[in-house]
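Structure record follows, encoded as structure tokens.
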Amino acid sequence: LQSLKDLKTYVGYSDNFERRFEQHNLGRVRSTKHRLPFKLLFKEEYKTSSEAKKREIWSKSAAGRRKLKEYFNNH
């Protein structure tokens, strides 16, 4: 997700994307409520929550952030 207020990104995972996205944009998530509203930049789906959590951890790592920044700068 990207905050339209400060243009910073948020990475997370959920078993129900639509519900979680709505929670973020309604200010019901403590860590993001001061950065409303959000837009979706990118979404991936995984078969298990374990796979999703691994991808979230990678996305928040230095290497993951570099790769994602490179991807979005080129697309």
Original post:
Of everything in segment 44-75 that's more than 18 Å from residue 8 (Cβ to Cβ) and within 13 Å of the chain's Cα centre (by Cα), which residue is least open to solvent (accessible area, probe 1.4 Å)?
Top reply: 52
Subject >> Scope segment 17-45; condition assigned to a loop (DSSP other than H, G, I, E, B) and either β-branched (Val, Ile, Thr) or over 17 Å from residue 3 (Cα atoms) (or both); matching residues >> reply: 29, 32, 44, 45
Subject >> Whichever residue in segment 1-20 is farther than 19 Å from residue 57 by Cα and either in contact with a strand residue (DSSP E or B) (Cβ under 6 Å, 6 or more places away or on another chain) or modelled with pLDDT of 95 or more (or both) and, among such residues, is surrounded by the most Cβ atoms within 10 Å (Cβ to Cβ) >> reply: 3
Original post:
Name the pairs whose Cβ atoms lie under 7 Å apart, with the first residue in segment 7-28 and free of Cβ contacts under 8 Å to residues at least 40 places away in the same chain, the second open to solvent by 50 Å² or more (accessible area, probe 1.4 Å) and β-branched (Val, Ile, Thr), and 6 or more positions between them or separate chains?
Top reply: none
Original post:
So which pairs qualify, if the first residue must be in segment 46-70 and assigned to a helix (DSSP H, G or I), the second must be open to solvent by 80 Å² or more (accessible area, probe 1.4 Å), the Cβ gap must be under 6 Å, and the two must be at least 6 apart or on different chains?
Top reply: 52/13; 52/46; 56/13; 64/58
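The values are calculated or read from the model by the stated rules, or taken from the named source; none is laboratory data. Small disclaimer: the values here were computed from a predicted structure and weren't measured. Using ideal geometry, Cβ is built from the backbone for each residue, glycine included, and neighbour counts are taken over all protein chains shown. Each accessible area value is taken on the protein alone, full model and side chains, heavy atoms only, with ligands, DNA and RNA left out. Shrake-Rupley method; radii C 1.70, N 1.55, O 1.52, S 1.80 Å.
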